[in-house]
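The values are calculated or read from the model by the stated rules, or taken from the named source; none is laboratory data. What you see is a predicted model; the values in this text were computed from it and never measured. Virtual Cβ from ideal backbone geometry, glycine too; neighbours counted across all protein chains shown.
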Amino acid sequence: MHYSTQQKILAALPHVIAMVPIPPFNILAVYVYRVLAGQQSILIDEHSKENINFQLSYQLYFLCFMIFAFGINGLSSFFDISAMDLPPVFAVIGVGAGFIIIGLLLLHGFFVLIFLVAAIVKALMGKPYKFPLTIRFLK
């Protein structure tokens, strides 16, 4: 199907909105945008719906990861390592786990940015885009 340049730009707008680093605002702003502009074109509706699904999914993944990370941190602080007679290798393991958690958070942000840029490019080409590992909350 052939879409006008205006429709392509409007289809890319939800992905640009999603780059604002305020998660509740992102989801709400794209939802309001979908309600207001989604009826103009199938392309706009599909991209805004896919973006909402993407944001909800990745926020859910982020929340689960944070619960896991804080759970690991909570367990390690629950046991007083300094009071135990443990070798210093356990301190190195704890520091390594912290670096891994920070690295995974940075990797998550990097992939979110890459997926959003890919979605913007697809929208500007007038083609649909499906984000990987996205739960389809909205059909």
Notebook entry, point to check: What number of residues within the range 112-134 are outside any loop (DSSP other than H, G, I, E, B) and surrounded by 14 or more Cβ atoms within 10 Å (Cβ to Cβ)?
Noted result: 9
Notebook entry, point to check: Tally time: how many residues in the range 40-59 are over 15 Å from the mean Cα position of the chain (by Cα), closer than 30 Å to residue 104 by Cβ and surrounded by fewer than 18 Cβ atoms within 10 Å (Cβ to Cβ)?
Noted result: 0
Note to self: For the range 13-39: of the residues being in a helix (DSSP H, G or I) and within 11 Å of the chain's Cα centre (by Cα), which is nearest to residue 117 (Cα to Cα)?
What the structure shows: 26
Item checked: Within the range 1-33, tally of residues that are closer than 13 Å to residue 52 by Cα and among the β-branched types (Val, Ile, Thr) -> 5
Margin query: I'm told residue 41 meets every condition in (1) at pLDDT 80 or above; (2) more than 21 Å from residue 122 (Cβ to Cβ); (3) of a type in the set (Ser, Thr, Tyr) except one. Can you identify the failing condition by its number?
Written below: (2)
